[in-house]
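Some notes on the structure that comes next.
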Amino acid sequence: MKTKVIVARPIFEETLVRLREHFDVTDNQADIAWTKASWAQALSQHAGALTTGSDPVDAEVLKACPSLKAVANMAVGFNNFDVPALTAQGVQASNTPDVLTETTADFGFALLMATARRMAESEHYLRRGEWTQWRYDMFAGAEVHGSTIGILGMGRIGQGIARRAAHGFGMKVIYHNRSRLSAESEAECKATYVSKDELLKTADHVMLVVPYSAASHHTIGAAELAQMKPTATLINIARGGIVDDAALALALHNKQIAAAGLDVFEGEPKVHPDLLTVPNVVLTPHIASASIPTRLAMANLAADNLISYFTQGKSVTPLNTVTA
Ligand code: 8YV
């Protein structure tokens with residue numbers, strides 16, 4: 001009898017075909033919405049699961065799932081997992097690093113460009129039919145090339161953004177991270193390590209790429225926004241909750257900073273209503289890794305993580321060590 005695996009959300013047909021070679025697969029191609037209780041109930045009937053960042057596997061869910069053996073997140077971020085609880089229960093957890101790094105860095109840069117150069121705001125103006133003549137200051141925004149980018153969180157994606165900024169746009173790159181990069185990596189990214197305070201005070205563009213945890217909750221709140229330049233932009237491609245969205249909406253409304261570009265939100269898919277009414281913000285629905293080849297690579301790596309665990313006792317890109 002094949003091992004039972006559940007795929008929490010719709011996925012590429014070819015990924016399902018691959019999974020079905022090894023497992024008895026429950027899919028959710030119909031995209032039936034889970035409540036936490038219905039998700040826990042469904043998960044409890046399976047030994048493995050392919051999850052997205054929106055599907056919680058925390059201590060409460062795990063309590064209902066004594067026969068669960070492996071969970072593979074189709075995301076590099078894994079704040080929907082309680083990894084210590086998974087390890088304690090002997091469940092292999094995995095994520096999808098590397099395959100999305102460059103695509104997500106591309107998007108971070110796209111969001112920076114769109115925000116600094118006011119692309120969304122000006123497009124809405126055009127669509128509303130308000131463009132009647134040219135003006136010298138019409139949607140004049142901030143400079144990107146040659147300016148200073150401050151990157152908070154200098155992991156793989158942060159370094160990808162740094163390379164684009166330094167080599168493609170001649171930007172000065174400053175960064176802050178829990179640990180400093182090696183001299184070699186700093187040289188490759190042309191990046192200078194600074195304190196968080198210095199970064200906030202001197203960057204023309206602040207890019208957030210820190211993983212979410214209790215410690216990084218509201219890394220940017222009212223106090224940090226007050227440290228930023230009034231001409232600065234803030235870009236969040238990390239996770240909702242890294243920014244205090246209510247404080248940001250207020251700072252944007254008061255023009256305390258010039259603009260923000262946000263791909264992630266506190267409590268998404270809900271978006272703070274005040275962010276929807278300020279003009280100087282570009283809002284996208286958590287799509288930084290969404291190129292077709294990258295999403296396919298993520299899905300297939302997540303599938304491989306399950307196959308590898310159940311056939312060889314260890315996932316390809318594990319987040320914990322368990323004995324099979
Ligand atoms: C995912 C992401 O698409 O990888 C991540 O951490 O945020 C995105 O690439 C999202 O989490 C859905 O799983």
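Subtracting the Cα-Cα distance of residue 67 and residue 156 from their residue separation scaled by 0.36 nm leaves 28.6 nm. Excluding the site residues themselves, the longest part of the chain lacking any trypsin sites (Lys or Arg not before Pro) in a DSSP loop with at most 10 other Cβ atoms within 10 Å is 136-269.
Under 5 Å between amide hydrogens, built in the peptide plane, is the criterion, and for residue 261 it picks out 234, 235, 236, 282 among residues at least 5 positions away or on other chains.
For region 1-67, pairs of C-alpha atoms spaced more than 16 angstrom apart make up 43 percent of the total.
Distance between the 7 Å Cα→Cβ label points at residue 187 and residue 124: 4.7 nm. Based on every Cα atom in region 214-324, Rg and the maximum pairwise Cα distance Dmax equal 18.7, 57 Å.
In region 91-173, the alpha-carbon atoms span a convex hull of 127 Å³ per residue.
Derived value for region 262-324: Kirkwood hydrodynamic radius 14.7 Å. Basis is the mean of 1/r over every pair of different alpha-carbon atoms. Set against the 2.2 N^0.38 Å expectation for a compact globular protein, region 101-283 has a Cα radius of gyration ratio of 1.00. Accessible area of residue 272 (1.4 Å probe, protein heavy atoms only, ligands and nucleic acids ignored): about 60 Å². With R₀ set to 35 Å, the beta-carbon distance separating residue 21 from residue 213 gives a calculated FRET efficiency near 0.45. With a Cα-only, solvent-free Debye model of the chain, what are the log10 I(q)/I(0) values at q = 0.09 Å⁻¹? After summing over all Cα pairs, the log10 values are -0.52.
The residues of region 101-283 expose on average 49 square angstrom of accessible surface per residue, using a 1.4 Å probe on protein heavy atoms.
A Förster radius of 35 Å, combined with the Cβ-Cβ distance separating residue 316 from residue 291, puts the computed FRET efficiency at roughly 0.95. Close amide H pairs (under 5 Å, H built 1.01 Å from N) link residue 148 with 172, 204, 205, residues at least 5 positions away or on another chain.
A Cβ-based charge dipole, computed about the Cα centre of region 101-283 with Lys and Arg at +1 and Asp and Glu at -1, lands at about 200 debye. The alpha carbon gyration tensor of region 128-209 gives principal lengths a ≥ b ≥ c with a/c of 1.5 or higher and a/b greater than b/c, which makes the shape prolate. Dipole orientation for the chain: of the candidates 258, 94, 23, 94 has the Cα lying most toward the positive pole (charges on Cβ; Lys, Arg +1; Asp, Glu -1). Calculated mean residue ellipticity, 222 nm, the chain: -10000 deg cm²/dmol, from DSSP H runs (n ≥ 4) at -39500 (n - 2.57) each, averaged per residue and rounded to 500. Rounded to the nearest 20, the Cβ-based charge dipole of the chain about its Cα centre (Lys and Arg +1, Asp and Glu -1) stands at 200 debye.
Cross-link pairs exceeding 24 Å between alpha carbons, from the set 196/255; 36/314; 4/36; 36/63; 4/270: 36/314; 4/270. Each other residue within a Cβ distance under 10 Å of residue 163 adds +1 if Lys or Arg and -1 if Asp or Glu, for a net charge of 0.
Within straight-line reach of residue 172, meaning a Cα separation under 19 Å, sit the following aspartates and glutamates at least 8 residues removed in sequence or on another chain: 106, 143, 184, 186, 188, 197, 198, 204.
The values are calculated or read from the model by the stated rules, or taken from the named source; none is laboratory data. Just so it is clear, the structure is predicted and the values come from calculations on it, not from any experiment. We place every Cβ from the backbone using ideal geometry, glycine too, and count neighbours over all the protein chains shown. Keep in mind that these areas ignore ligands, DNA and RNA; they rest on the heavy atoms of the full protein, side chains included. Shrake-Rupley method; radii C 1.70, N 1.55, O 1.52, S 1.80 Å.
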